[in-house]
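Report on one structure; see the data block that follows.
Read-outs: derived from the displayed coordinates by stated rules, not from any lab. None of these values were measured; they are calculated from a predicted model. So basically every Cβ, Gly included, is an ideal-geometry build from the backbone, and we count neighbours across all protein chains shown.
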Amino acid sequence: MGLPPPPNVHASAVLFLTVLALILFTREKLPLESSSLLVLIALAVGFELFPFQVNGSVLHAVDFFQGFGHEALVAVCALMIAGQGIVRTGALEPVGRTLARLWKISPNISMLLTLLAGAFISAFINNVPVVVLFLPILISVSIRAGINASSVLMPMGFATLLGGTCTTIGTSTNLLVVSVAAEMGLRRLEMFDFLVPAVIAGSIGIVYLWLLVPWIIPERELTLADTSPRVFSAHLAILKGSPVEGKTLAEALKKVDGVMKVMSVERGLDNFMIPFPSVMLRAGDHLIIRDTPERLKEFEKVLEGTLYPDDSNGDPVDDEHPLKADDQQIAEVVVIESSRLSGRTLSEMRFADRYGIIILAIHRAGKHLEKVYGEVGDIRLRSGDILLVQGPREQITKLKKEKDFLVLDATMDLPFARKAPVALLIMLGIIVSAASGILPIAISAPFGALLMILTGCLGWRDATSALSAQVILIVATSLALGVALLKTGGADYLARLFVTLSGGTSPTFAISGLMLLMGILTNIVSNNAAAVIGTPIAVSIATQMGQPPEPFVLAVLFGANMSYATPMAYKTNLLVMNAGNYTFKDFLRIGVPLVLIMWVALSWLLPTIYGIN
């Protein structure tokens, strides 16, 4: 059997653009939003300048923008808002507290329950808030119980991905595949139509994550356990004859290269002055300063003063009277998706002043810890960055109530609000109405999102911050590429090429091969892009092989959800990577076997359940 004849010019151009899009989506230096919009505009401009006729009608450029109003994208955005309502009210907090108590009793059983709970919740709620809920709990219990945190964080993250494959609303990928397949004339898959193969294969994956992964994953030291510098407050007394006696504070700061942080100037008992640069220093003045012990001693030497602990002015700092910070806590703060901090610097946000804390360091996956003295305030932050901060216990507790970041520390103060039962009831209504067929998910989800706002579970600012420009643009662009491939015949050409190259293999092997191809693609490019591009190809393959298309479509759905092998495959992978201090190789070591487990299990389950020979 020879290769199929080449496609028409428009189909060839779309295929080239599809390959280019897949390459652009892997470029770290080019934001995914930018590459998505670039591809979308290229499609629109190209078909406007060079019209294409299909079935007697012209494929207009504006047709490619219909993805922004697509029911799948509407449902995805509404579910993101509803999920934010769950997070803001702390509605899942009782689950977290229960699991935290169980971890103290039996870590092994608690590990299994944590994986099962994460998978179950993620079948109905976007797994990002689920991971955000579990990360601080698992880090806390691992620190307290002396357990290797790296052995639990990655399995938990993967368990939420496994759970997300069980229902149509578990992930945006599922919604897209189901919607695109329905538009092509297939029966619309209901919420639990593919629950059986997903649960069976997912159970095998859970067992692997529970019993094997903790033994094979390398131990990684968390940033929190790092020997990072601690900051202390102290009094630096200006002595008679000091080189800065009679000088201004600005001149004193110049002697220490301007790096000394002066909080106030004490002149006499409890007489504090604002540290204006023009303040003239006198013998006996105390500079209230905050820094690491090493730097404080350096300032003492350069300014020829005497250093006193903050709580004792009578005894200079020495081995018997060390610096103390009894009310201080060290915490890790993760910059989450859609945070106002993303793309901005700490100086622009006046972060330290606003929250009354000190930034010790910034940790970014794949890079060394950058100390506070390296102008941390001028570093432009990214989603997934970890800030190591120090501050009073009360200020750290306040940080946990903020929506722009996730606090990872050794305390268990999780947010809980009286609106939590309302948020849970609304989310349950979304799920039940969609599962029972009362309302389609594209209607029940926006209705639920509106109720979240009207009932006060979250405000409009919270709702808009829950929306991800990256998700919206990649979904709209993927849908546009899917339309272009389908209308121009590009999808049909790829299907014929797939069937030809497979050498007349059985439908069972075709399903398995298609799923493996999607599994590889989703770990390199966006899972949504792989799913939307793969769905019309799957339908074409089934048609040409004379087989029912549903198992082929599910092969695309399950394959596109196998985002386990690389950290960039899914946003929760990046959160877990930074929190657990994992490396790229760690994801390959743990994720590739999980991909193979799911692929082998589903390659047998799908043909068996759907009667494919």
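Packing here is the average count of other Cβ atoms within 10 Å per residue, and on that basis the peptides 8-21, 237-250, 149-162, 79-92, highest first, run 149-162, 79-92, 8-21, 237-250. Going by the alpha-carbon gyration tensor, a ≥ b ≥ c the square roots of its eigenvalues, is the range 1-78 rounded (a/c under 1.5) or, if a/c is not under 1.5, prolate (a/b greater than b/c) versus oblate? Oblate, because a/c is 1.5 or more while a/b does not exceed b/c.
Between the range 577-603 and the range 473-540, the C-alpha centres lie 23 angstrom from each other. Axis of helix 195-207 versus longest Cα principal axis of the chain: the two differ by about 40°, to the nearest ten degrees. On a 0 to 90 degree scale, rounded to 10, what angle separates helix 507-522 from the longest Cα axis of the chain? Value to nearest ten degrees: 30. Taking a ≥ b ≥ c as the square roots of the eigenvalues of the Cα gyration tensor of the range 232-309, is the shape rounded (a/c under 1.5), prolate (a/b larger than b/c) or oblate? Note, shape of the range 232-309 comes out rounded.
Against the longest principal axis of the chain, how steep is helix 150-164, in degrees 0 to 90 to the nearest 10, with axes from Cα atoms? Approximately 40 degrees, to the nearest 10. For the pair LEU102 and LEU195, label points projected 7 Å from Cα toward Cβ lie 2.0 nm apart. Once the C-beta distance of VAL207 and HIS60 is scaled by a Förster radius of 45 Å, the resulting FRET efficiency is 0.30 to the nearest 0.05. Just name one of PRO548, PRO7, GLY157: the one whose Cα is farthest towards the positive end of the charge dipole of the chain (beta-carbon charges, Lys/Arg +1, Asp/Glu -1). Final value for the positive-end residue is PRO548.
Of the three principal axes defined by the Cα atoms of the range 47-131, the extents in descending order read 69, 26, 18 Å.
How compact is the chain by the rule of thumb for globular proteins, expressed as Cα Rg over 2.2 N^0.38 Å?
Its radius of gyration relative to the 2.2 N^0.38 Å reference: 1.13.
Per-residue 3J(HN,Hα) values for the range 108-114, derived from phi via the Karplus relation 6.51 cos²θ - 1.76 cosθ + 1.60 with θ = phi - 60°, read 5, 5, 5, 4, 5, 5, 5 Hz in sequence order (x marks Gly and Pro). Couplings for the range 478-486, taken from phi via the Karplus curve 6.51 cos²θ - 1.76 cosθ + 1.60 with θ = phi - 60°, read 5, 5, 5, 5, x, 4, 4, 5, 6 Hz in order; Gly and Pro are left as x. The calculated FRET efficiency for LYS255 paired with GLU402, based on their beta-carbon distance and R0 = 56 Å, is about 0.90. With the simple model of a label 7 Å out from the Cα in the direction of the Cβ, LEU497 to LEU428 spans 5.1 nm.
The residue list LEU253, ILE288, VAL265 was ranked by how far each Cα lies along the charge dipole of the range 247-301 toward its positive end, using unit charges on Cβ atoms, and LEU253 comes out on top. Here is how the number arises for the chain: DSSP H runs of 4 or more residues each give -39500 (n - 2.57), the sum is divided by the residue count, and the result at 222 nm is -17500 deg cm²/dmol. Couplings 3J(HN,Hα) for the range 431-447, derived from phi with the Karplus relation 6.51 cos²θ - 1.76 cosθ + 1.60 (θ = phi - 60°), are 5, 5, 5, 6, 5, 7, x, 5, 9, x, 4, 5, 10, 5, 5, x, 4 Hz, where x marks Gly and Pro. Would you mind computing, in nm to one decimal, how far apart the modelled labels at SER347 and TRP460 are, each placed 7 Å from Cα along Cα→Cβ? With each label point 7 Å from Cα toward Cβ, the separation is 3.5 nm. For the pair LEU269 and LEU30, the difference between a 0.36 nm per residue extended length and the Cα-Cα distance amounts to 80.3 nm.
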